[in-house]
Amino acid sequence: MGKRLIPPEPMDIQEVALREALEERYLAYALSTIMHRALPDARDGLKPVHRRILYGMRLLRLDPGTPFKKSAKIVGDVMGSFHPHGDQSIYDALVRLAQDFASRYPLVDGQGNFGNIDGDNPAAYRYTEARMTEVARLLLEGIDEDAVEFRANYDGQSKEPVVLPGAFPNLLANGSQGIAVGMATAIPPHNAAELCDAALHLIDKPATKTRGLLRYVKGPDFPTGGIVVDSQEVIAEAYTTGRGAFRVRSKWHKEEGARGAWNIVVTEIPWLVQKSRLIERIAELLNEKKLLLVGDIRDESAEDVRIVIEPKTRNADPEVLMETLFKQTELESRISLNLNVLVKGRIPKVLGLAECLREWLDHLRDVLLRRSNHRKGQIEHRLEVLGGYLVAYLNIDKVIKIIRTEDEPKPVLMKTFKLTEIQAEAILNMRLRSLRKLEEMEIRGEDRELRAELKGINAVLASEDEQWKKVGEGVKKVRDLFGPKTPLGKRRTQFADAPEHDLAAIEEALVEREPITVVMSEKGWVRTLKGHVTDLSSLAFKTDDSLGYAFFAETTSKLTLFASNGRFYTLDAQKLPGGRGHGDPVRMMIDMEGDADIVSLFVSKGGRKFLVASQDGQGFVVNEDDVAANTRKGKQVLNVTAPNKAAAIATVNGDTVAVIGENHKMVIFPLDQIPEMARGRGVRLQRYKDKGLSDVMTFINKEGMTWKDTAGREQSLTSKELNDWRGNRGDAGRLANGFPKSNKFGKVIE
């Protein structure tokens with residue numbers, strides 16, 4: 001007999017709009033990342049993982065000076081009780097807190113291999129040991145005195161602090177880095193003594209803005225030292241807005257050797273730069289012959305950083321040599337500032353320096369009030385107990401009799417001596433050895449001391465001025481602990497202005513100066529040939545393509561390209577492809593629209609003036625320095641709207657302008673009729689009925705005009721012979737008989 005099939009129970013299927021489901025889930029993920037992983041709390045400057053590590057170490061009694069415990073034990077306890085994530089992520093966070101080259105004021109005192117500035121990995125957590133530093137002790141100070149709020153841990157079996165008491169200005173002193181969803185934080189480390197000075201000023205004058213605090217906080221203070229080369233204005237702007245970046249350079253000096261020889265010795269490198277990777281990069285550039293002034297590099301570091309750079313020749317300028325290294329390597333680094341933090345542990349917000357310190361001070365005041373109220377409760381409880389003890393001593397025989405004879409002595413004691421339940425319980429729990437004669441004096445003495453302490457606490461709780469005075473005392477103690485004369489508190493990062501150098505000398509030092517020939521085809525394929533090549537007849541081009549431009553340059557040259565969209569683009573000659581091929585399309589090197597054509601390509605020299613003109617006959621004079629482009633997108637100079645386009649460019653070299661149209665008509669007029677501009681549409685150069693402008697040129701009137709015919713031969717007309725075409729700007733002109741049928745003057749920009 002076969003088995004009877006039981007029909008499955010109907011499934012509870014709910015239809016949910018995909019968009020709503022995704023929005024809800026992604027928002028939950030984003031909030032979790034922002035709140036519980038990436039952004040630090042403005043009050044203690046810690047992310048949850050760091051806070052849990054420190055609290056876990058506190059529970060293991062790993063205070064400064066106590067014996068070390070295995071990192072594996074710390075990681076296991078933190079993961080099991082508070083942070084249910086990967087053990088490696090917890091250990092990585094613990095290691096970073098212990099690295100004195102990563103953390104300005106390490107929170108963990110590590111024993112064993114915790115990695116190094118070369119980027120080597122730390123030993124596994126079963127080999128290393130750790131305990132807290134004095135800084136971590138300060139952050140946790142008062143946590144057992146109801147200083148902060150606690151919440152249930154992830155499984156509800158125990159509790160963890162929402163924030164640490166934070167007696168140390170950790171947010172800015174140690175900094176923080178993190179990437180959340182749609183936002184990030186980047187806070188470099190600062191000098192704790194300077195932060196404390198600024199905080200004390202803020203207590204005295206709460207209305208002080210960020211710029212008023214910058215006489216105390218000069219800028220970041222990195223554990224690895226270095227030199228910040230930004231101006232005071234740039235630094236002030238960054239701290240005021242909470243966003244910016246600092247240029248940090250390595251510290252170096254010239255070390256003299258025998259017989260006039262010298263080396264450069266780098267003793268400090270920028271923060272978070274791996275020394276081994278930095279040296280590898282310099283060695284790579286040496287092999288690629290991109291460091292023409294550097295002969296060799298070697299690492300002589302022991303405990304301290306010592307990178308020795310040998311020059312190729314003793315005649316080299318050490319300043320220029322270092323500038324080339326700063327430009328090409330991480331010997332100069334940009335360190336971001338993005339003061340994006342969780343305000344009150346809930347709201348992500350970008351703060352300025354003054355607001356950051358204000359958040360910390362307000363938190364210290366909250367902690368003071370909570371600790372004071374906690375201590376007040378303890379004192380009041382103890383005074384109540386002492387009152388009961390005093391009654392017991394004054395009536396000891398009667399108390400003993402009640403305890404011996406009554407089945408339930410507590411209610412009888414309470415009724416007989418008018419005691420509270422707490423007092424009666426304390427008397428019943430009292431030890432027999434406490435019944436000695438001197439105890440009464442001790443009780444009265446303790447009572448007096450506690451009442452005096454209670455009076456002081458009540459005075460603090462009643463007066464805001466007293467509260468800020470107490471907070472200030474705490475900040476002063478931290479300042480004394482980490483003052484500028486202490487080894488840990490001494491400022492490591494210095495400030496200087498970036499030295500001004502001859503840019504041409506630096507450019508020359510970056511690239512070997514060699515003659516080249518630049519070749520560009522009609523369709524925009526560009527390449528370079530070694531040396532100055534005059535015979536280009538053997539050059540091959542792609543099908544349907546031919547020679548467009550060819551001119552001599554050097555590897556250090558900058559090239560300027562003028563396109564029909566009215567934009568100028570700058571190219572580096574050294575970055576152009578060489579070899580025997582067809583080259584590369586120039587559009588791969590610049591962001592030029594597909595429908596834009598190349599009007600001209602030439603070597604940048606600086607200081608010249610150009611006449612630029614559009615097809616509809618408008619144009620103006622522009623200075624060469626105003627057309628230099630800094631980005632791939634180029635620089636818009638001649639404003640044109642399709643179907644109009646840029647059609648011609650000529651070097652201004654004279655006092656008279658000649659304009660020829662596609663209709664073969666030409667007009668000649670004085671150059672001073674055309675304005676000089678940096679950008680615009682220009683003025684009318686020649687008037688047309690249907691066709692447009694073809695070419696422009698300038699010449700010296702009294703010397704006459706020369707041009708090239710279609711065969712490349714030079715032709716000329718005297719000033720008198722040109723009278724038939726003379727007119728004013730905006731004239732239609734007359735037919736240019738005797739001029740090339742191509743309507744081009746054949747002039748190149750030189």
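Okay, here's what the table says:
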| item | result |
| --- | --- |
| So Val612, is it at pLDDT 90 or above, under 29 Å from Leu685 (Cβ atoms), in contact with an Asp or Glu (Cβ under 7 Å, 6 or more places away or on another chain) and not in a loop (DSSP other than H, G, I, E, B) | no |
| Flag if Met705 is out of contact with any Gly (no Cβ under 8 Å at 6 or more places or on another chain) and assigned by TED's automatic domain parsing to the domain that holds Ala563 | yes |
| The range 654-703, residues that are more than 54 Å from the chain's Cα centre (by Cα), of a type in the set (Asp, Glu) and assigned to a helix (DSSP H, G or I) | Glu703 |
| Among the candidates Leu214, Leu200, Leu140, residue that is crowded, with 21+ Cβ neighbours inside 10 Å, at pLDDT 90 or above and among the aliphatic types (A, V, I, L, M) | Leu140 |
| Qualifying positions in the range 556-588 - more than 12 Å from Arg527 (Cα to Cα), outside any strand (DSSP E or B) and not charged (D, E, K, R) | Thr556, Ser557, Ser564, Asn565, Gly566, Met588 |
| Residue in the range 530-542 that is assigned by TED's automatic domain parsing to the domain that holds Gly581, within 20 Å of Ala596 (Cβ to Cβ) and touching a residue at least 12 places away in the same chain (Cβ under 8 Å) present | yes |
| Contacts under 7 angstrom Cβ, first residue in the range 614-629 being under 11 Å from Val652 (Cβ atoms) and surrounded by fewer than 21 Cβ atoms within 10 Å (Cβ to Cβ), partner among the aliphatic types (A, V, I, L, M) and at pLDDT 90 or above, 6 or more apart | Val621/Leu611; Val621/Val652; Val621/Ile674 |
| Filter pass, Gly445 being surrounded by 15 or more Cβ atoms within 10 Å (Cβ to Cβ) and either among the charged types (D, E, K, R) or assigned by TED's automatic domain parsing to the domain that holds His381 (or both) | no |
| Total residues in the range 542-555, condition outside any strand (DSSP E or B) and loosely packed, with under 15 Cβ neighbours inside 10 Å | 5 |
| Odd one out for Val518, checked against (1) within 22 Å of Lys605 (Cα to Cα); (2) surrounded by 15 or more Cβ atoms within 10 Å (Cβ to Cβ); (3) of a type outside the set (Phe, Trp, Tyr); (4) at pLDDT below 85 | (4) |
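The values are calculated or read from the model by the stated rules, or taken from the named source; none is laboratory data. Since this is a predicted model, take the numbers as computed values, not measurements. Here Cβ is always computed from backbone atoms with ideal geometry, including for glycine, and neighbour counts include all displayed protein chains.
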